[in-house]
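The values are calculated or read from the model by the stated rules, or taken from the named source; none is laboratory data. Note that the structure is predicted; figures quoted are calculated from it, not measured. Every residue, glycine among them, receives a Cβ derived from its backbone with ideal geometry; neighbour counts consider all protein chains shown.
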Amino acid sequence: MFEDKPSRIFRDARWLQPLSLPPSGKPLCRDNDLRYMASFLSELFRTGQARNLFIFGKPGTGKTVCVQYLIGEVEKHAREKGLPILTVYVNAGRTRTPYYTMLEIVKGLGLNAPNVGWQMFRLKQAFERLLMDKSVVIAIDEVDALLAKEREPLIYYLNRQPKTTLILISNKIEDATQFPERALSTLQPKIISLNPYTKEETKEIMRDRVRHAFQPNVLPENLLDKVAKVTSEFGDIRLGFSILLSAGYSAERAGRTEITDEDIKSATKSEETTEILRTIGEMRKRLEKRRKTGREMPPKEWGLAVAQENADKTKILRYFLRLQPSRSRNVPNANPRKFAKMECATS
Ligand SMILES: Nc1ncnc2c1ncn2[C@@H]1O[C@H](COP(=O)(O)OP(=O)(O)OP(=O)(O)O)[C@@H](O)[C@H]1O
Ligand SMILES: [Mg+2]
C-alpha cells in the first residue's frame, strides 16, 4: 500500500512545511530589516540592556523566523565576547496564560523549574536571582494572547526588571497600544514593521526552498514565477510552500518527473480555499472575542462575511483581496453595498 522507493519528485519535502526554517539558517531578503533591528540591540553589548522592540507584520512575513535568527546571533556574539547575556524565545499563542509564559521563560533561560508545583512568585524569584549577574533578552511571539489577561500584567513586570530587554511580536500594530497603562509609559518600544515580500523576494525565497525540496528540474521556471505571483498577491509566503507541496504530490501520484501547469493550477485552487477557510475561521473567532469583551465592534462588513454561513468562501476572499491596495489578507474597509451585490450569500 505504501511507496518506499526514492521519490522522483521530492528530495526532501520537509522544506515546504509551514514551520520549516530557512535552509541556510538565515532568512533571505531581510538583510536591511535584520540590520535595523540589530542596531537597537547593539546597546546590549555596551550596557547589558537595549531598547524594547515591537515587531509587527502580516502573517507569513517572517516575523518569527527573523526574531529567532536575531536572538541566535545575540547569543553567538555574547559568547564570542564572553558577555553574560542570555536569550529566550516563547510563543504566548501557545503558552496562553501569563503563568505558563513565565514558566517557559524561566526554563528557557536554563533554570530548573518543575512543570507543576511552583507558584508565580517562585518563578519570579528564580528569574530575579538570575538577573543579579546576567542580562536577558526575552522574545515573546504572538504577544496579543497575553494582552487580554489583565489580572497578571506579566509584560509590566518583565519590563520593570533590570538588564531585561523585550522583543514583542504581533500581527497587529494596535497591540502596541494595548498594554496595561503602567506598562505603556515605561515600555516605550521601538516599533518595527516587516512589510510583505515583493514578488521578486517571494520568488527568491521559494527558489531556495525548491532547490532543497525537489529533485533537479522538477519545477519549470515559468511555474515558479506563477506561484510567486499568486503568493505575493496573497501576502503569506506559506501559501507558496503549500501550493508547491500539493503540486509535487499531484505530479508524483501521476508518475511524472516534472510538475505541470495543471498541477499548479489545481494546487493553487485547493490551497487558496484552505487558506480562505482558515482566515474566515480566524475572523469569526476574533469577532466573537470582541463581542465578549465589549471592545470596539469590527466593521459591519466583517460581520457580513462572517455571518454568511452558506456563502461561497472563495468569492468572499477574492472580493476582499481585490479591494486591497497592498498585498495582504487582512480584511480592508469593504463597502457592504458592493459586497451585497456580489450575491455571495446565496451562491
Ligand atoms: N525571509 C525568509 N527567508 C526564508 N524563509 C522564510 C522567510 N520568511 C519567512 N520564511 C518561512 O516562511 C514560513 C513563515 O514564516 P514565519 O513563521 O516567520 O512568519 P510570521 O510572520 O511569523 O507569521 P505569523 O504571523 O503567522 O506567525 C516559515 O517556514 C519561514 O521559515
Ligand atoms: Mg510567527
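Summary of computed values
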| read-out | value |
| --- | --- |
| Qualifying residues in the range 58-67 (those that are on the phi < 0 side of the Ramachandran plot and not β-branched (V, I, T)) - the one nearest to ligand 2 (Cβ to nearest atom) | K63 |
| Residue count for the range 15-35, restricted to those that are more than 16 Å from ligand 2 (Cβ to nearest atom) and either exposed (fewer than 13 other Cβ atoms within 10 Å of the Cβ) or part of a loop (DSSP other than H, G, I, E, B) (or both) | 9 |
| The range 73-99: number of residues that are under 30 Å from L239 (Cα atoms) and either within 12 Å of ligand 1 (Cβ to nearest atom) or of a type in the set (D, E) (or both) | 6 |
| Sole exception among (1) closer than 30 Å to K124 by Cα; (2) among the basic types (K, R); (3) more than 19 Å from the chain's Cα centre (by Cα) for R8, by number | (1) |
| Boolean, L70 is closer than 27 Å to G235 by Cα, modelled with pLDDT of 95 or more and not in a loop (DSSP other than H, G, I, E, B) | yes |
| Selection status of S185, within 16 Å of ligand 1 (Cβ to nearest atom), hydroxyl-bearing (S, T, Y) and out of contact with any Ser or Thr (no Cβ under 7 Å at 6 or more places or on another chain) | no |
| Residue match in the range 24-42 (condition: more than 9 Å from ligand 1 (Cβ to nearest atom), within 30 Å of T257 (Cα to Cα) and not hydroxyl-bearing (S, T, Y)) | yes |
| Odd one out for P59 among (1) part of a helix (DSSP H, G or I); (2) buried (at least 16 other Cβ atoms within 10 Å of the Cβ); (3) within 13 Å of ligand 1 (Cβ to nearest atom) | (1) |
| Boolean, L70 is free of Cβ contacts under 8 Å to residues at least 12 places away in the same chain and within 16 Å of ligand 2 (Cβ to nearest atom) | no |
| Complete set of residues in the range 124-144 that are surrounded by fewer than 21 Cβ atoms within 10 Å (Cβ to Cβ), in a helix (DSSP H, G or I) and at pLDDT 95 or above | K124, Q125, A126, E128, R129, L130 |
| Yes/no for A126 being of a type in the set (G, A, S) and either within 16 Å of ligand 1 (Cβ to nearest atom) or in contact with an Asp or Glu (Cβ under 8 Å, 6 or more places away or on another chain) (or both) | no |
| F45 being assigned by TED's automatic domain parsing to the domain that holds A183, part of a helix (DSSP H, G or I), buried (at least 16 other Cβ atoms within 10 Å of the Cβ) and away from ligand 2 (no atom under 14 Å from the Cβ) | no |
| Odd one out for K190, checked against (1) at pLDDT 95 or above; (2) over 19 Å from Q17 (Cα atoms) | (1) |
